[in-house]
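Worksheet: the structure to be examined is printed underneath.
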Amino acid sequence: MDIRQLVAGSTLYLPVEVEGALLSVGDLHAAQGDGELSGTGIEMAGQLTVCLGVERGTGLTTPEFITPTSGGASGRWHGTSGHDPDLMTAARIALRAMLRRIQTRGFTLEEAYVLASACVDLKISQVVDAPNYTVSAFLPLDIFVDN
């Protein structure tokens, strides 16, 4: 998942679609631009510390994450991602997941659309894995009192 905002201190939520699923991590980048255009970020050797847990019944349909960075002024961001051969479909997947996430904070669907229109940033996270592309949606958590 070449999303440059998945950095140290991030929390990643992955949908688990099969019983007994395993996790593999690799391809660490020291740097990568949004889009990862030319086939690689700056690859690096590294060590990862991962804490794993299972949260049942979340309804997660696509990877989501909390990150301390998105390139904006907020101190924390909630990100959702969409993966698809069509960029518009990938964006829709990311945005639908974000709308569901906003609704879990007590907003109606209509209110979630208004908030997303005003506050959510879309970024093309990677195009290098054609035919599959990744679009990420970022919601600044500093806009909420309970953050």
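The values are calculated or read from the model by the stated rules, or taken from the named source; none is laboratory data. Note that the structure is a prediction, hence the values are computed from the model and not measured. A quick note on method: Cβ atoms are made from the backbone with ideal geometry, for glycine too, and the neighbour counts reach across all protein chains shown. Side chains included, ligands, DNA and RNA excluded: accessible areas come from the protein's heavy atoms. Shrake-Rupley method; radii C 1.70, N 1.55, O 1.52, S 1.80 Å.
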note = With 0.36 nm assigned to each residue of separation and the Cα-Cα distance removed, Q103 to T58 gains 14.9 nm
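Report the relative contact order of the range 24-74, percent, no decimals, based on alpha-carbon pairs under 8 angstrom and at least 6 residues apart.
Values: 21 pairs, mean separation 12.9, N = 51.
Across the range 24-74, relative contact order equals 25 percent.
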request  = Would you calculate the separation in nanometres between label points at D121 and F144, each defined as 7 Å from the Cα along the Cα-to-beta-carbon direction?
outcome  = 1.9 nm
query = How far is helix 87-103 tilted off the main Cα axis of the chain, in degrees rounded to 10, range 0 to 90?
reply = 50 degrees
request  = Treat each spin label as a single point 7 Å out from the Cα along the C-beta direction, and report the E111 to A130 distance in nm.
outcome  = 4.3 nm
task = Considering Cα pairs under 8 angstrom that are at least six residues apart, work out the relative contact order of the chain and quote it in whole percent.
result = 27 percent
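Which shape class, rounded, prolate or oblate, goes with the range 5-51 when its Cα gyration tensor gives a ≥ b ≥ c as root eigenvalues, a/c under 1.5 marks rounded, and past that a/b bigger than b/c marks prolate? Walk me through the numbers before you get to the answer.
Numbers: a/c = 2.03, a/b = 1.69, b/c = 1.20.
It is prolate, given that a/c is not under 1.5 and a/b is the larger ratio.
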task = Can you tell me the dipole magnitude for the chain around its Cα centre, using point charges on the Cβ only (Lys, Arg +1; Asp, Glu -1), in Debye to the nearest 20?
result = 320 debye
request  = Working from Cα positions, state the angle (0 to 90°, nearest 10) between the long axis of helix 109-119 and the longest principal axis of the chain.
outcome  = 60 degrees
ask   = Residue separation times 0.36 nm, minus the C-alpha to C-alpha distance between C51 and A30: what's the value?
value = 5.4 nm
ask   = Nearest 20 debye, what's the magnitude of the dipole of the range 60-116 about its Cα centre given +1 on Lys and Arg Cβ and -1 on Asp and Glu Cβ?
value = 160 debye
message = Keeping every protein chain present and rolling a 1.4 Å probe, give me the accessible area per residue for the range 1-141 in Å².
response = 60 Å²
